[in-house]
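Undergrad: Pasting a structure here, questions to come.
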Amino acid sequence: MALNRVWTAFFLVAFATAVVRWLLGEAGIFQALLAAMFDAARSGFEISLGLAGVMALWLGLMRVGERAGMVELLARLAGPLLARLFPGVPPGHPARGAMTLNISANLLGLDNAATPLGLKAMRELQALNREPEGTASNAQIMFVVMNTAGLTLIPTSVIAIRQSVALQQGLGAGFNAADIFLPTLLVTFASLLAGVLAVAWCQRLPLWRARLAVPVLAVGGLLAAAVALLAQLPAERAARIAGTTGAAVILGVVALFLVAGAWRRVNAYDAFVEGAKEGFGVAIQIVPYLIAILVAIGVFRAAGCMDALLGAIGAGVAALGWDTGFLPALPVGLMKVLSGAGARGLMIDVLQTHGVDSFAGRLAAIVQGSTETTFYVLAVYFGSVGVKHSRHALGCALFADAVGLVAAIGVGYALLR
């Protein structure tokens, strides 16, 4: 419903603006809007075609990792941590297994596997729910907020889209679409930590115990040290190091999947083909959604509304003495709370308008890759078990979103500017 209103508003506001501009003497404004609609539709289709191959590659490789047992391995590693975050879930309960598998699948970018596991976890948690009927339990809130905060280790779809747009812009095979890996990881960690701490504060969880605090502080310290070291370098060199690190880590993960598959005697080729078929289907499935949002944004931009909106925000930011280079990416973060498809379209619009390798383009990709669609996750996960009263879940999730957006801008300026 929220996306329907935003999508309709794009068209109506653009049309009203065009009428005003036509009355003021701009005779070609309607032709410009029409041309923007057709151009956006063609662009959305071309991007989806390029995306099909890359998505098939990534999801094929991820399926090999899944068959090789990497999801189960991550689940076992996450078990002790989740025991501290979900004290109301008994050891050995099916909910704990489903939650760890869901989180592991999210870390590997296996969205299609993560959602069914997440819904299963919610049903298992509902069996432990002692709150009044229709009210979320503490464990359900923590689990849902962790999903909304963004858990992805490798932003597969964002990397795939960047590669597709880069080829469309003629950057060639030498373009490193994975240079957002390290910044995205930093922002994801900040958003997730903010969400967990917000829920823990509301639920009075004792997270200061050494068994939980020490690993979190250690990881946070290492990531902060990485940012501090890279921030001391020239922007171009820092971006090159971040890009090399991202490419090396992702290739290392792929190699680990293949080695683990060989060790377990998994038919890696068949697993890859099966995942690749799913990846192709995912890319084709998003064509109408992508065209719909790109056409709406194209009309909105052609009418001058996008420039006016960013200009108004920019004036306020400039009045505070701040740099305004992040503004083109800001709508992506604001839209992501409401709609993943809408945010994806806005990100692609930024990549096309400012360039896939520009500061605004990379920042938009980081924002898209490090956050989740909050209202969608809340609706699907709570709706699957009939929860109507989510208590503090929405507030904590929005707090994590805000922290993630601010962290994305800060990390972007530290590593990419």
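The values are calculated or read from the model by the stated rules, or taken from the named source; none is laboratory data. From a predicted model like this one, the values you see are computed outputs, not experimental measurements. A quick note on method: Cβ atoms are made from the backbone with ideal geometry, for glycine too, and the neighbour counts reach across all protein chains shown.
Undergrad: Given the condition within 12 Å of the chain's Cα centre (by Cα) and without any contact (Cβ under 8 Å) to a residue 40 or more places away in the chain, answer yes or no: does some residue in the range 337-355 qualify?
TA: yes
Undergrad: Sort out which residues of the range 390-417 are farther than 24 Å from Q203 by Cβ and not in a helix (DSSP H, G or I), and write them in order of number.
TA: The answer is L416, R417.
Each row is one residue, and each column tells you yes or no for (1) at pLDDT 85 or above; (2) surrounded by fewer than 23 Cβ atoms within 10 Å (Cβ to Cβ); (3) within 28 Å of L294 (Cβ to Cβ); (4) in contact with a Phe, Trp or Tyr (Cβ under 6 Å, 6 or more places away or on another chain).
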site	(1), (2), (3), (4)
P91	no, yes, no, no
D111	no, yes, yes, no
K120	no, yes, no, no
L128	yes, yes, no, no
T148	no, no, yes, no
S157	no, no, yes, no
R162	no, no, yes, no
V165	no, no, yes, no
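So that you can scan it fast, the table gives a plain yes or no per residue for (1) at pLDDT 75 or above; (2) surrounded by fewer than 20 Cβ atoms within 10 Å (Cβ to Cβ); (3) among the polar types (S, T, N, Q); (4) not in a helix (DSSP H, G or I):
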residue	(1), (2), (3), (4)
A194	yes, no, no, no
C202	yes, yes, no, no
L212	no, yes, no, no
G220	no, yes, no, no
A228	no, yes, no, no
E236	no, yes, no, no
I241	no, yes, no, no
V249	no, yes, no, no
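Undergrad: Here's a follow-up. Any idea which of A343, A397 is small (G, A, S) and under 19 Å from V199 (Cβ atoms)?
TA: Details: A343 fails: under 19 Å from V199 (Cβ atoms).
Being small (G, A, S) and under 19 Å from V199 (Cβ atoms) holds for just one of A343, A397, which is A397.
Undergrad: Is at least one residue of the range 273-283 more than 26 Å from the chain's Cα centre (by Cα), farther than 26 Å from E372 by Cα and surrounded by fewer than 17 Cβ atoms within 10 Å (Cβ to Cβ)?
TA: Initial filter on the range 273-283 (more than 26 Å from the chain's Cα centre (by Cα)): none.
Within the range 273-283, none of the residues are more than 26 Å from the chain's Cα centre (by Cα), farther than 26 Å from E372 by Cα and surrounded by fewer than 17 Cβ atoms within 10 Å (Cβ to Cβ).
Undergrad: State whether the residues of the range 5-27 include one that is assigned to a helix (DSSP H, G or I) and at pLDDT below 75. Step through it out loud before you land on a result.
TA: Step one: of the range 5-27, the residues assigned to a helix (DSSP H, G or I) are 5-23.
Now restrict to residues that are at pLDDT below 75: 5-6.
So far as the range 5-27 goes, yes, one or more of its residues are assigned to a helix (DSSP H, G or I) and at pLDDT below 75.
Undergrad: Please go through the range 363-389 and pick out each residue that is among the polar types (S, T, N, Q), at pLDDT below 80 and assigned to a helix (DSSP H, G or I).
TA: At the first step, the residues of the range 363-389 found to be among the polar types (S, T, N, Q) are 368, 370-371, 373-374, 384.
Narrowing the set further to residues that are at pLDDT below 80 leaves 370-371, 373-374, 384.
Across the range 363-389, the qualifying residues are S370, T374.
Undergrad: Something else now. So, S390, is that one without any contact (Cβ under 8 Å) to a residue 40 or more places away in the chain and of a type in the set (S, T, N, Q) or not? Break it down into steps so the answer makes sense when it comes.
TA: Values: without any contact (Cβ under 8 Å) to a residue 40 or more places away in the chain: no; of a type in the set (S, T, N, Q): yes.
No, not satisfied.
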